[in-house]
Structure formats: C-alpha cells, structure tokens
Amino acid sequence: MLKFIVNRKILVGLTTVLVLILGVYSFTNLDEELFPPVEFDGAYIAVSAGDMAAIEVERKITTPLEQRILGIDGVEEISSTSTVGQSSLQIMIEKGLGEEVSKEIQTVASTVATNVAGVTEIIAEQMSLSANYEFFMDVSSGEMDELTAFALDVLEPRLEELSEVKDVSLMGIQEDEMSIEFNRDSLTEHALDSSQVISIIQQTNTEATLGEIEEEGAQPSIRWETDLTSIEDMEKIKIPTQAGFIELNEIAEISINPVENASYVWKDGTKDFIFVQIGRTSDVTQIEMADAIREEVQKIRDEGLVEDFELNELVAQADYVKESIDGVSSNILIGGILAIVILLLFLRNVRAMVIIGISIPTSILLTFITMWVLDYSFNMLSLIALGLGIGMMVDSSIVILESIYKKKEQGLKSLESVLEGTKEVASAVIASMLTTIVVFLPIGLMGGDVGQFMVILSTVVAVTLISSVIVSFTLIPSLSEKFLKIRKKNNNGKEGRLVKRYGEFVSWVVKKKRNSIAMIFIFFLMFVGSMFLVFKIPMTIMPDVLNRYAELMVDLETGVSAAEQEEIALKINETLAAIEDVETSYIIDDGSMFFMLINMTKGDEITREQKEVNEEILSSLRELGEDYPIKSVQSAMSVGAGQPVQIQMKGADYDELQLLVNDFTQELEGIEGLTGITNSIERTSTEKVVEMDEAAMEDVGLSEIQIRQYIQEAFLHMPIGEVAIDEKSVPLVVKWNEEIVNEENLLNLEVSTREGERRLSEFVQLRSVDMPNEISHIDGERYITVSADIENTDLGTVNREVQNLIDDFETPSGYTISAGGDLETQQELLYDMVLILVISIFLVYLVMAVQFNHLAHPIIVMSVIPMTIVGVILGLFVTQRELSVMSGMGIIMLIGIVLNNAILLIDRANQLRREGASANEAISRAGKDRLRPIFMTTFTTIGGMLPLALAAGTTGNYQAPMATVIISGLLFATMITLVLIPAVYRMFNAVGNRFSSLFRKKKKVKDEVKELVG
C-alpha cells in the first residue's frame, strides 16, 4: 500500500490540492462564536404570581408541578424554590432526552400554572448556553421624551428590519399613564362607591357594535365609539347620583404622569437613559449581527437622526468572539512556526522543514473539512483544541520523516529509504495515535453541562490527530522520496557527544539490577514527595473569561421594596465607581435580583489585571450585605447556580432543622475564607393576618365578604383600560388620592353599616406572623440550605474543609447533611475525572497490549504515567495555575502524548530483540536510536503549546492551565522516559528470565522423573 502511494505522486498531489480547496471553503463557512450552542439535558420553569406568599406558592404551584413532572419518563431530579410571588424549578433530565422531555415539561407547566389564580407569567425552557441578547446599547445624555421618541420611532423599527436581528428590547423608555385619584370624602358625600364609578368610566371608554339595521339591501352595523382623548374629556364624564348627575372631576382628580418605576435599569446610578438589548436570528453568527447593526447605526447617524443626545455601544459579544478567535489563531500560528523552527534546529535541513511546513496546513485544512461536516464552529473550545493539536499534529510526521532521513543517512536508495524508514516506525506511529485518541473515548461518560464541552474539545483533538496521521503516511513519504536531500556527513558515522554520553548512562543503568532498582526508587520518592504539593495548588471548576468585562448577579432578600432597590442600586454604583479600572456599570432589576454588566478600562488605560479587579468588585459588593438586604453576589458566568458553598440539610421537623442549622453555622464560621454565611430558613417576612370579630359584625349586619371588599378597596390601585391621546395608547389607572401607608390608616377607615358609619377597627384586628421567604425542595422533599461565599481562597481548599466538617458533624436519625452548589459540582467532576482517567489508562493498556502482543510491555510503557503527574504538579505549583476542568482535560490528554515516546523506545527495542540483540543491548541501542525523534517530537509539541501557556487576554485563562499541564508534564516525563523506561525494562526482563528459568527447571525435573519411572 505504501509503495502504491509513493509511486502515485500525482494522485497524492491532486488529492492534496482538493483538500486545500475544500479546506479553504470549509474555513470560510465555519461559524464564529464564543461558545458552542449547547443544549443541556435539563429544563427550568419560572412562574410569577404577584405578591402570593411563599407558602401559598409552594402549595398551589410548586408542589402540583413537582408531582406532575416527577411522573414524566426521563426526569431524574427536581430542585425547586418557592419565594414570595415566584416558583422556580430546575429539572435534570436523563442523558440524550433533553429536548423531548423539555417539551413535555413545558406542556405540564402551562396546564398546571394557568389554572392558578394570580399567576402573571410562565416561563418553561430547555437549559441552553445561548443568550437571548448578545448586543447592548444605550441612548443617553438627553431629555427622556426625546430619547424615548428616538428609541421607539427610529432605532427599534430600523434594527428589527434587519434580517440578522430577531428581537430588540427597550428598557427605561418614558411611559405615561392617566391617573384618576378618588377623593374618599367626596364619594361618601354623594353616596357612591368606587366600583360604581369605575364601571361607568369603563362603559364610557368602550367601543362596541350595538346591532344592525336594514337599509336598501344592506345591513350596516350600529357602532358606538368613545371620544375620550384628553384630560378634559375624562373630567366631563357624567356620574349619576341620588341628587342628579355630577361630573367626574367633582369626586376625583385626573392627571397624566410618568409611570412610577417605569425604568428598571440604572447606568452609573442614573435611570435617565434607555437600555437597548438586541438578539440575533439562529442562522447568523454574532459577528454578522454586530456588523449589520453597526452599519445600520452609522446610516442613522449619517441621516442626522442622532442629535442632542448620545447613542453608545455598550457590549457586543461579537467583539469577544473576534478577540478570542484572533488570540487563539495567532497562538496556533506562532506555535506552528516554533514547531518548524525546532525541526530545522534538529535536522538542519531546509527541505525537511519545507515538507513539515506543507504537512501542517494540509492537516489543519483536513481538520476544518471534518469540522464543517460535523457542523462544528470556530469557538473558544474548538480553537483551544486546534491549538493543542498543533504540537501533537507534527509528531507523527516528524517521526516518519526522521526515520526516512536516517535511512538516507545510512546510504539506502531513495525509494528503499522511504519504504524501510516508514515501515520501521509505522506500528509505533499508529499505536501512538490510538493511545492518544482512546484517552478521549471515556470523555462521553462525563456527566453534567461540562461534559458536553469536553466532548466537543476531545472530538476536535481526535480529528486533528487522525488528519495528521493520514498526511504523515501519504504526503510525507511522497515528498521525501525525491525532494528530501541529506547533507554529506563528515563524522564517518560517529555518534554525537550527547548520544554517546546518554548511551553510556543507560548502559550503566541496565548493567546491574541494583542500578535499575536505585533509579526506580529515586523516581518513586519524587512521586511521593510531589503528592504533598497537591493541596497547595489552587482549584476551581471552570476558569473565568478575562475580557475586561464582567456579568454579575446580585441576589436580594425576598420582599425588598422598590425604594430599597433604588437605594441598593445607588450604593452599588457608588461602590463600583470607587474601584480602579471600572469604567461603566449597568444594573438591571430582574425581580428578586440585580443583573449587572460592568465594563473595564481597555488598551493603554489598563492599570490592573482583570482578575484583581474582579476580586475587588466581588469582595466590595459582598461587604454591602452587612448593611443592605443582599443575599449573595456571584459571577453570572460561573458553572454553579447560587453561592459557591451550599450545604443542604434535610429532615422531617423544621424546628429540629433550625437547631441543627444554627449549630452547623457556628462550626462553618471557623473555616477561613468563608464569608456571608446565611441559611434559607432565617429569611422571613412579616405578614399581617386579618382576625375578625364575628359577633360585632353580626350585630351591625356585616358579612366576611363585605369586610374583605372594604379592605381590598382600601388599597385600590388598578388599571381599567387605555385611552388614545395624541395617537398613542396611555394606560388608565384608578387609585385613592390618599394612600393607606400603615396599620393605623387602615383600621381608622369608615365602614358603612345598617347602624351608620363605623370604624374598621371595631370589627377586625391585625396579627403579625413570620412567613418563610424561601422554601426549597429536592424531589418534593423540603430542605434547608446553608449558603456562603468564598473570599481570598479557592474552591478546592474550601471544599476539603467543608467536607471534613460535614463528615464530622453528628445529626439525629432521619436527618442528613450534604454538599450542594459548586462544592457538589466540583466533587462530581472530580469523581468523573478519576473515572475517566482509570478507563483511559485501561484503554491505552489495551491498545499497546494488542500492538506489542505482550502483557508486560504496556506496563513498562505506562510506568512513565506517575512521573508525568509529578511534572504536572510541579508545573501547576510553580505557576500557581488553577487545577480546573480545563487543566484536568490537559492531564488526560497528556497521558496519550507522553506514552508516544515510550512506545517509540519499546517498539525499537523489540525490533532489535527480534534481530537477535540481548535485552540490555536492545534497550540501550533503542534509546540512542530514538533520542533524536523523541527530543524533536517533545520540543515541537512544547513549542506548539508555549504560546497557549503564555496566552493572556480573553482566552488566556482557558488555554494557559491546559497548556501548562501539557508542557510541564511532557518535559518532565520525556527526561524521565529516557532513564526510567530502560530501568523498568531491565527489571521486567530479569523477572521474566527468572520465571522462565524456574519453568525450565520444573520441566527438567518432570522429565527426569518420567525417565526414572519409565
């Protein structure tokens, strides 16, 4: 087959041209986005229900939903939270059934919740990484009327006309309402009640078809149309009374005012601006949408429509996508150039460099074709995978090229050197590729949201490696036969100084058993010693994206008033304004929480690292929780939901749970680095329960329904329709001119009875009760959450201490304590990683056992793995990079990479053994023969990874830990491989010889016994 390929250079050349054409086409057609559009196997439900008490939300909405959803096939777990006016459910779904089960959950949510009085909004969606809005702007520095007119009449319709734009949302526009404020005394004087007057207003402000008449063969409709278009029209509405008709303005004051709290967003502490959010259609990329919007905005500016105010671009996800792609792309390019330069330094042959220089882009373009076929995109994960693949990509090409080069140096003819050189290393190259790829097969076992990311990353790496091997077995041999020329050697075949010294050292190691044992023991001590450094490495789940921009979620206590929210927002702005390198901040009120967008200085204005700014922002805002009703502050981009530290306590009795929570909280306060410790049961709000004096009511002929109506009417504030003013619909609202603001005002109201006017306080009194603001369930069972933030430490350190506390804490029978939040996520991911590591090692062993056809030789090769871990630990400890999912992936990837060198060594030793060499001579010669390709593949891989390890900017935090793990582990393992593998090979061979001699001795004894018996 190889000879056929080498003899068909035209076929190889044309196929390469086809790959180049299709590769360029695929490259230009791959979408560009920050993260892949992953749909998770989970769903969420959010039901809004006005001011309904948390306990009522639990009874009427949450529990019925849980009961119905738990009966759906494919639902694994439901966690829910019931708060005042809000029911939130998160549903975990069986793997692979996310979309199907989510649709059924949406149907159930609509059916159950719509039958509950008071429900105002139902949201049921499948969990997804895709954001609704990805481009943000603001219209500011002008009069609100002018800003509103521009946003509604120009900006919104112009942008929504763009084919790339799906939706434009405006927040903070100036909205007016017509307010009718009743005077209680005037209504009483005319013997009217509010419901009568409201009914008359609604009837007057109604358009209706009253009937039809016969007229010359036609049947025209009789139409009643209102003519209420101004305050004056409203004031003149006639109201019938016992004394005759009066006008509405005699019993009420009518005015047009800005809607209270119309804006729920603040920019640097002010509401005098309009916040614009723009979402894209599913068939365009973020960059395409951003380009279309910017072009349209420029047209609007050129038409002179932006005057006396500002139209500012706040955040465009497209910019971070482009920055990320440019950053990773440049790192890949630099890595590829470094790999070629390293190759030139080793072989000192320009033609060899040119051959590798052709093979790298061909392999990359072949990868692009496969990505296009798989419908993958250019995103942070796929580009990091490509960056990691660049270094490994040239390994197989280098090994084959070096082997061919060596055969030519030995004087073989061109075709013979290509065939013999390729054949000599073919099995090792294929085994190396397979060991690297099979490492990724168990990645699919990783559960949760992170698992889907890792599958994408590992698939791209595998595709990159397979592409490189295809190129190395086709393009490299074809080019090497005629194009590769060697320079004349003047050393008459003498070994270089390094090779000679290495050969002498290996010969000493394998000469005597005690030398080999000594080397193995030294490396064992190094491995044990490195374990003490593990706990000094910072740990997290997923690293932050450092793009001079932050999204935060500030969770507020339930029941916070609008005035308190305003005060908190202003205080947050004041706090952020004092932090160096914070440029602008936007706070969006999302009910019980604030969603924040924070822009930081860029370019020459940067004075601090973003990580430092992030930490100060989080710590400063968390300190506000001591004086303001703030529950937690966290990054919106974090993996877990809620605060990073969450401990769940379950049990039947709430009072007993409260005692356990108090004791546990005291213990928790002793852990350094924990801050803002709270629990869900301590957050209560006071409600006033109406208690009626039924005897007093009966004496004056009042019923419960009448009392309830009086109290409801006392808090009258309701919309009753709309009126058309200046061709715009304005909401019509009725309320009292004097609001009820306290208990005394309410109880002093006059109530009409058959015995005349009486005070409400004669019939009712109000009793204060504490109601839970938050009730949490897991699969329908109540539990209490103890929550905390972390500060000046890492999640891994806190995880260990909290888990020790949980293990040591004694609970009564029937009560349990377990970790939740990011702690639980990290523990699950750690378990997944260990499982994947074990399965990967077994699969690697399986591949090598088949390749070597030997059960012991794979163990020799895999003896380098512990030493790899030593290198990883040292690398992370020295650089203080975080041990995260990304660096964990680097470790798993590293296992496949480091074994390649050992496979080359053992494969060559086995070849020499088959030629008749002794074990010690074979391993010594194999080391010398493979020293150059091992160094070349190692340093080209490191060269390819180096730009990623040193990367800063948007993707640096994602790339650097993974690349650091690979560089440190590979560098250390390579040096060890060249010494440890010969020592282990020597020991295994000695043990094998020992068993063989024992077996031969036993056989000899048996033969002698048979002869004596015979």
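None of the figures in this text is laboratory data; all of them are computed from the coordinates on show. As the structure is a prediction and not an experimental result, all values here were calculated from the model. Neighbour counts are summed over all protein chains in view; Cβ atoms, including those assigned to glycine, are modelled from backbone coordinates with ideal geometry.
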Quiz item: What 222 nm value per residue comes from the helices of the chain, counting each DSSP H run with n ≥ 4 as -39,500 (n - 2.57) and dividing by all residues, nearest 500 deg cm²/dmol?
Solution: -18000 deg cm²/dmol
Quiz item: Can you tell which of I45, L97, V112 lies farthest toward the positive end of the dipole of the range 39-128, using +1 and -1 charges on the Cβ of basic and acidic side chains (Lys, Arg; Asp, Glu)?
Solution: V112
Quiz item: Length gain on complete extension for the stretch N249 to I839, per 0.36 nm per residue less the alpha carbon to alpha carbon distance?
Solution: 204.2 nm
Quiz item: Put +1 on the Cβ of each Lys and Arg and -1 on the Cβ of each Asp and Glu in the chain; which of L702, L883, L159 then has its Cα farthest toward the positive end of the dipole?
Solution: L883
Quiz item: Which whole-number percentage describes the relative contact order of the range 39-128, with Cα contacts under 8 Å and a sequence gap of 6 or more?
Solution: 47
Quiz item: If you bin the C-alpha pair distances of the range 679-740 every 10 Å from 0, what whole percents do you get?
Solution: 16, 26, 25, 21, 11, 2
Quiz item: How far, in degrees from 0 to 90, does helix 317-347 lean away from the longest principal axis of the Cα atoms of the chain, to the nearest 10?
Solution: 10
Practice problem: Would you mind working out the magnitude of the charge dipole of the range 39-128 relative to its Cα centre, with +1 at each Lys and Arg C-beta and -1 at each Asp and Glu C-beta, to the nearest 20 Debye? | Solution: 340
Quiz item: Working out 0.36 nm times the residue gap between D604 and D176, then minus their Cα-Cα distance, what length gain in nm do you get to one decimal?
Solution: 149.7 nm
Self-check item: Between 0 and 90°, nearest 10: helix 956-1013 axis offset from the chain longest Cα axis
Solution: 50
Quiz item: To the nearest 20 debye, what charge dipole does the chain have about its Cα centre, counting +1 at the Cβ of each Lys and Arg and -1 at the Cβ of each Asp and Glu?
Solution: 15440
Self-check item: At most 14 other Cβ within 10 Å, DSSP loop - trypsin sites (Lys or Arg not before Pro), the range 1-84
Solution: R8
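Taking the Cβ of F594 as the centre, find all other residues whose Cβ is under 14 Å away and add up their charges (Lys, Arg: +1; Asp, Glu: -1).
Details: positive: K267, K271, K571, R622, K631; negative: E551, D555, E557, E564, E566, E567, D589, D590.
Once all neighbours under 14 Å are counted, the net charge is -3.
Suppose R0 equals 22 Å; then what is the FRET efficiency for D193 and A724 from their Cβ-Cβ distance, rounded to the nearest 0.05? Don't skip to the end; give the middle numbers.
Working: r = 28 Å, r/R0 = 1.28.
Once the sixth-power term is evaluated, E becomes 0.20.
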Quiz item: How many nm is it between the label spots at L525 and E295, if each spot is 7 Å from the Cα in line with the beta carbon?
Solution: 7.0
Exercise. May I ask for the angle, rounded to the nearest 10°, between helix 610-623 and the longest principal axis of the chain, with both axes built from Cα atoms and the value confined to 0 to 90°?
Key: 40
Practice problem: Just name one of I251, V861, V469: the one whose Cα is farthest towards the positive end of the charge dipole of the chain (beta-carbon charges, Lys/Arg +1, Asp/Glu -1). | Solution: V861
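Between N745 and I778, what FRET efficiency follows from the Cβ-Cβ distance if R0 is 60 Å, with the result rounded to 0.05?
On the way: r = 43 Å, r/R0 = 0.72.
For N745 and I778, the calculated efficiency is 0.90.
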Self-check item: Added length on full extension, which subtracts the Cα-Cα distance from 0.36 nm per residue, S329 to Q880
Solution: 195.8 nm
Self-check item: Of K512/K928; K60/K688; K271/K602; K166/K631, pairs whose Cα-Cα distance is over 31 Å
Solution: K166/K631
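Which loop-located GluC sites (Glu not before Pro) does the range 645-733 contain, where loop means any DSSP state but H, G, I, E or B and the Cβ has at most 15 other Cβ atoms within 10 Å? Provide the component values of the computation, followed by the final result.
Values: sites: E656, E667, E669, E672, E682, E687, E691, E694, E698, E704, E713, E722, E727; in loops: E669, E672, E682, E727.
Those satisfying the criteria are E669, E672, E682, E727.
Rounded to two decimals, what is Rg over Rh for the range 39-128 when you use alpha-carbon atoms and the Kirkwood radius?
Details: Rg = 12.2 Å, Rh = 12.7 Å.
Ratio of gyration radius to Kirkwood radius: 0.96.
How many percent of DSSP beta bridges within the chain run antiparallel, rounded to 5?
Values: 124 of 131 bridges.
Bridges in the chain that DSSP calls antiparallel: roughly 95 percent.
Apply 1/(1 + (r/R0)^6) to the Cβ-Cβ distance of E161 and E307, taking R0 = 25 Å, and write down the FRET efficiency to the nearest 0.05.
Values: r = 22 Å, r/R0 = 0.88.
With R0 = 25 Å, the Cβ-Cβ based efficiency is 0.70.
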Quiz item: With contacts defined as alpha carbon pairs under 8 Å and 6 or more residues apart, what's the relative contact order of the chain in percent?
Solution: 17
